[in-house]
Amino acid sequence: MSYYHGIQEGYAEDEDDLSFHYDREERIRNAPQIVRDFYSGKVKIQKGFFKILVANKFNRIMLFTVALFAVVVLGVNFLQNPSLGVCAGFECELRAFGYGDDVFAQIKIHPLKKSLRDENFRIDEYVAEKKEASAVFDFLDAEGEIATRSQKSIFLQKNEFFLRTNVPNYDIIEVRVQMEILGERLELKANVKR
């Protein structure tokens with residue numbers, strides 16, 4: 001009889017208790033071959049996360065497929081970034097963010113590494129001649145219309161330098177910039193991060 005704190009469980013008053021006879025050997029004898037092999041010690045269970053991932057051919061193929069997919073997605077994100085670009089031997093990166101009721105935009109500009117730039121690139125001459133980098137910032141609202149336009153310029157420098165501006169309009173969702181450096185043009189765009 002099964003009792004739980006003095007209360008009989010699972011049986012009607014006029015029924016006998018069920019008796020259960022567990023015979024382990026008989027159960028294993030009637031089990032599938034893989035279960036019998038496991039109990040006899042013939043089957044070894046792989047331990048360790050990576051060992052399980054490469055335990056058989058199917059798992060290796062799936063691991064390779066997931067890794068390849070991740071590399072492709074990350075590669076596409078980095079290669080098709082519209083807020084990065086190269087203009088006249090300078091790398092330009094546009095960032096836009098909202099803070100309070102204002103939207104701030106900045107372009108980080110720096111010369112490319114020597115191995116990546118043109119052999120006619122003369123940064124010292126550009127700095128000495130006070131050549132400029134100029135940018136026209138277009139701040140777009142939700143309808144894609146230009147809400148505000150701002151123009152900035154700065155003299156070229158040997159090291160990293162910035163062009164910054166801000167506008168007092170919280171409804172702006174995107175910033176587009178037309179850069180011009182040494183007569184070469186570049187268009188960048190970035191979504192406003194809140």
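The values are calculated or read from the model by the stated rules, or taken from the named source; none is laboratory data. Since this is a predicted model, take the numbers as computed values, not measurements. Ideal geometry is used to build each Cβ from the backbone, glycine not excepted, and the neighbour counts take in all protein chains shown. Accessible surface areas use protein heavy atoms only, side chains included; no ligands, DNA or RNA. Shrake-Rupley method; radii C 1.70, N 1.55, O 1.52, S 1.80 Å.
Numbers at a glance
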| quantity | calculated |
| --- | --- |
| Potential extension, N81-K44 segment - 0.36 nm per residue separation minus Cα distance | 8.4 nm |
| Order by protection proxy (mean Cβ within 10 Å, highest first), peptides 125-132, 174-181 | 174-181, 125-132 |
| Cβ crowding within 10 Å averaged over residues, with 57-65, 101-109 ranked highest first | 101-109, 57-65 |
| Peptides 30-37, 82-89 ordered by average Cβ neighbours within 10 Å, highest first | 82-89, 30-37 |
| Descending semi-axes in Å of segment 144-185, equivalent ellipsoid built from Cα gyration tensor | 24, 13, 8 |
| K42 accessible area, 1.4 Å probe, all protein chains in place, Å² to nearest 10 | 150 |
| More than 23 Å apart - percent of Cα-Cα pairs taken over the chain | 68 |
| Mean projected area (nm²) of the alpha-carbon convex hull when segment 54-142 is viewed from all directions | 11.3 |
| Computed over segment 88-194, Kirkwood Rh from alpha-carbon pairs, angstrom | 14.5 |
| Contact order normalised by residue count of the chain, Cα under 8 Å, 6+ apart, percent | 19 |
| For segment 170-179, 3J(HN,Hα) per residue [Karplus equation, 6.51 cos²θ - 1.76 cosθ + 1.60, θ = phi - 60°, Hz, x = Gly/Pro] | 7, 7, 6, 10, 8, 10, 10, 9, 10, 8 |
| Amide H contacts of E174 (H built 1.01 Å from N, under 5 Å, at least 5 apart or other chain) | L140, V192 |
| Efficiency of FRET from Cβ geometry, E180 and K114, R₀ 22 Å, rounded to 0.05 | 0.40 |
| With Cα atoms, 0 to 90° folded angle of helix 57-79 axis to the chain main axis | 20 |
| Mean accessible surface per residue for the chain, computed with a 1.4 Å probe while every protein chain stays in place, in Å² | 76 |
